[in-house]
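Quick notes on the structure that follows.
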Amino acid sequence: MKPALLVIDMQNDFKKGASAYSCEMLDDGLTGRVKQLIEICRQKNVPIVYTQHTIKADKSNAENGEPADVRVCIQNTEGWKIIKELETKQKDNIVLKHRADAFFESKLSEALKNLKADTVIVCGVWTNNCVRATAEASYARNYKIILVSDCCGANSFVDGFTPEQVNDFTLKELKERTYGTQLLMLDEIKNIL
């Protein structure tokens with residue numbers, strides 16, 4: 001196994017309460033667990049790839065139909081930046097993206113090929129959007145997938161379902177639909193690297 005860690009969209013605009021697109025589960029606890037996961041991967045020489053949702057200032061790459069007043073992650077703004085506690089290192093890869101699927105019109109495929117990765121360890125936000133889309137796209141490209149369940153966070157747009165319920169359901173559904181996908185907790189990762 002030659003893994004790479006994908007840290008999906010851990011950016012200031014997605015922190016709980018930060019914007020119209022904040023992730024209700026992206027609090028200090030989730031940030032701390034993702035930081036621990038990054039540290040474990042660094043200790044085990046697993047390369048780190050951060051995705052950074054990036055909308056141009058003129059919004060020319062924003063999704064169709066999205067109201068202009070709820071745009072987030074505008075390039076070079078404070079909200080666009082990766083959360084300070086998850087500071088990147090010079091050897092890390094940072095992949096700019098503008099859709100849920102981090103492979104779409106980005107350099108993620110190239111980064112993973114250069115790293116000779118055959119497995120992606122996935123964490124970040126939102127589980128029910130960018131994490132899921134990127135995991136499915138990874139599966140379609142024949143990568144093995146490890147989802148770190150307590151290092152992912154979701155939102156809920158369905159009455160009667162909490163973000164935690166949506167997170168758990170999305171992760172379990174991904175595990176069942178994408179053959180060979182592993183669903184692990186942070187404390188289990190050390191044992192497989």
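For residues in the range 103-147 being open to solvent by less than 10 Å² (accessible area, probe 1.4 Å) and of a type in the set (Ser, Thr, Tyr), which is farthest from Thr178 (Cα to Cα)?
It comes out as Thr127.
Looking at (1) of a type in the set (A, V, I, L, M); (2) surrounded by fewer than 22 Cβ atoms within 10 Å (Cβ to Cβ); (3) touching a Cys at 6+ places or on another chain (Cβ under 9 Å); (4) closer than 20 Å to Gly29 by Cα, which one does Ala100 not meet, given that it meets all the others?
If we test Ala100 against (1) of a type in the set (A, V, I, L, M); (2) surrounded by fewer than 22 Cβ atoms within 10 Å (Cβ to Cβ); (3) touching a Cys at 6+ places or on another chain (Cβ under 9 Å); (4) closer than 20 Å to Gly29 by Cα, just (4) comes out false.
Identify, by number, the condition in (1) of a type outside the set (Val, Ile, Thr); (2) open to solvent by less than 30 Å² (accessible area, probe 1.4 Å); (3) in contact with a helix residue (DSSP H, G or I) (Cβ under 8 Å, 6 or more places away or on another chain); (4) in a helix (DSSP H, G or I) that Leu30 doesn't meet.
Status for Leu30: all satisfied but (3).
Among the aliphatic types (A, V, I, L, M), at pLDDT 95 or above, under 20 Å from Glu24 (Cβ atoms) and surrounded by fewer than 22 Cβ atoms within 10 Å (Cβ to Cβ): which single residue out of Ile82, Ile94 fits that description?
Ile82
Mind checking which residues of the range 33-46 are in a loop (DSSP other than H, G, I, E, B) and open to solvent by 30 Å² or more (accessible area, probe 1.4 Å)?
Lys44, Asn45
The values are calculated or read from the model by the stated rules, or taken from the named source; none is laboratory data. Remember, predicted model here, so these are calculated numbers, not experimental data. Note that we place each Cβ from the backbone using ideal geometry, even for glycine, and neighbour counts take in every protein chain shown. Accessible surface areas use protein heavy atoms only, side chains included; no ligands, DNA or RNA. Shrake-Rupley method; radii C 1.70, N 1.55, O 1.52, S 1.80 Å.
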